[in-house]
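What follows is calculated from the coordinates using simple rules that are stated; it is not laboratory data. These numbers were taken from a predicted model, which means no experiment stands behind them. We place every Cβ from the backbone using ideal geometry, glycine too, and count neighbours over all the protein chains shown.
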Amino acid sequence: MKDNINSTSLFRGKQGQNYLFPFILVTSLFFLWGFAHALLDVLNAHFQEILQISKARSALVQFALYGGYFVMGIPAGLIIKKYGYKRGIIFGLFVFAIGAFLFYPATLIKTFYPFLIALFVIACGLTCLETAANPYTTVLGPSQSGARRINLAQSFNGLGWILGPLVGGLLIFSNDGDPFAALAKPYVGIGIVVLLIAVLFVRTPLPQISAEDSDVSGDQNSKSRYRDLLKHPLFIFAVVAQFFYVAGQTGIGSFFINYVIEVRPDISHLEASQILAFGGMGMFMIGRISGSYMMKYFNPKKLLSIYAFINILLMVMVVMGLGMTSVVCLFASYFFMSIMYPTIFAVGISGLKENTEKGSSLIVMAVAGGAVVPMLMGRIADVWSMAVGFLVPLVCFIVILIFGLSKLKN
């Protein structure tokens, strides 16, 4: 079958099943975790302001969230392997909601670490959602269009990334009273929405994808171990590439507001968060929508390589510190980052068959790159300048370019 599959067959199973509604429901999860991740960029700057902490220490926000992904990665894969996609998603939603509600008591304690604990719990829930939802979208239709479907779903993740800093900035930075109390509003709201979606998943039947429908589910009684994945060199490189991608993206997002304010000191934190929402994250969403369309005509890995190369050039401009020219380059980097996570994911799990759930959990664990790199960038910024700190994502995009150009197969 050719890559330019029409929109109807994009959600059709081999036996003619229509997977459009399940795809829409699962896609709502991408929006939720995009919103949760984007709020981190606002939290990072807010904690620097109200706690008077360094950029390196404020990066513990990212460490708590992405560290949770690392801890929960393998358990999430095992849960989904044993209980299925639907129950794994419902479990993840309830854990997500618990973490969101923990923000309220944290605002009463008014110290840094209770917030980090709440973020860690949120991350455990998000790990289950991502481990289930990412591979699930790739099998809700023809296998040839799996990368297109995951990029389309991830477009709504981009919408969450837009609304996260916008809503978070309005609720947090514009608060005239207790700066800690302002933190509870967006997270309690998220918790309520997540519980409502969990109820919807409980009451909605989802298709059980079997080996007959897809290449990726395999024998449910398989006793293959994680070491079997070592036989798949493309998957191994995908884990490495995903680590560096999330490291680069998280580093850019974490210090976007700092960079803009360093270039333009007359801009407030609230204004910078709005610039991030409409500028950077807007480009991110447009990139994912257009990227999903272009994959009808371009090989996903080739498109990934082109985007990685362009981002290397953009990061060079950012490091050079050319004023608003560098800020524009920082904006543009979001467009070219857009397809990286879902494309690396889809390419990495292709051909894993009965090991798909295990492979997915390890690729999700690779987001631990986001736990380490922001602290490194923050330390560089504290010692030298914020512009020099962007050497780190530059290196990350070099790794992604090498992955895209590689000839490895699973």
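Counting beta carbons within 10 Å around each of M337, M365 and listing the fewest first gives the order M365, M337. Comparing A387, V71, S333 along the charge dipole axis of the chain, the residue lying farthest to the positive side is V71, per the Cβ-charge model.
Computed about its Cα centre, the charge dipole of segment 280-410 is approximately 440 debye, with only Lys, Arg, Asp and Glu carrying charge at their Cβ. Only helical runs count toward this figure. For the chain, summing -39,500 (n - 2.57) over DSSP H runs of n ≥ 4 and dividing by all residues gives -24500 deg cm²/dmol at 222 nm. Using a Gaussian network model of the chain in which every pair of alpha carbons under 10 angstrom is joined by a spring, one finds that among N134, N157, N299 the greatest mean-square fluctuation is at N299. Sorted ascending by nearby beta carbons within 10 Å, beginning with the fewest, H269, H37 become H269, H37.
When the Cα positions of F21, V316, H269 are compared along the charge dipole of segment 18-405, F21 comes out farthest toward the positive end, with charges on each C-beta of Lys, Arg, Asp and Glu. Net charge dipole, the chain: roughly 1240 debye, given to the nearest 20, about the Cα centre with Cβ charges of +1 for Lys and Arg and -1 for Asp and Glu.
Global dimensions of segment 18-405 from alpha-carbon coordinates: Rg and Dmax equal 19.7, 62 Å.
With Cα atoms defining each centre, segment 23-46 and segment 119-136 are spaced 11 Å apart in the structure. Taking every alpha-carbon pair under 8 Å whose residues sit at least 6 apart, segment 18-405 reaches a relative contact order of 29 percent. May I ask which of K86/K302; K14/K358; K82/K231; K302/K358 have a Cα-Cα span longer than 29 Å here? Over 29 Å apart, Cα to Cα: K86/K302. Taking each residue as 0.36 nm, the span from T204 to I109 lengthens on full extension beyond its C-alpha to C-alpha distance by 30.3 nm.
Neighbours of A153, meaning other residues whose beta-carbon lies under 13 angstrom from its beta-carbon, give a summed charge of +2 when Lys and Arg score +1 and Asp and Glu score -1. For the listed peptides 248-261, 395-408, a ranking on the average number of other beta carbons within 10 Å per residue, highest first, reads 248-261, 395-408.
Ranking F345, N157, M285 by how far each Cα lies toward the positive end of the dipole of segment 18-405 (charges on Cβ) leaves F345 at the top.
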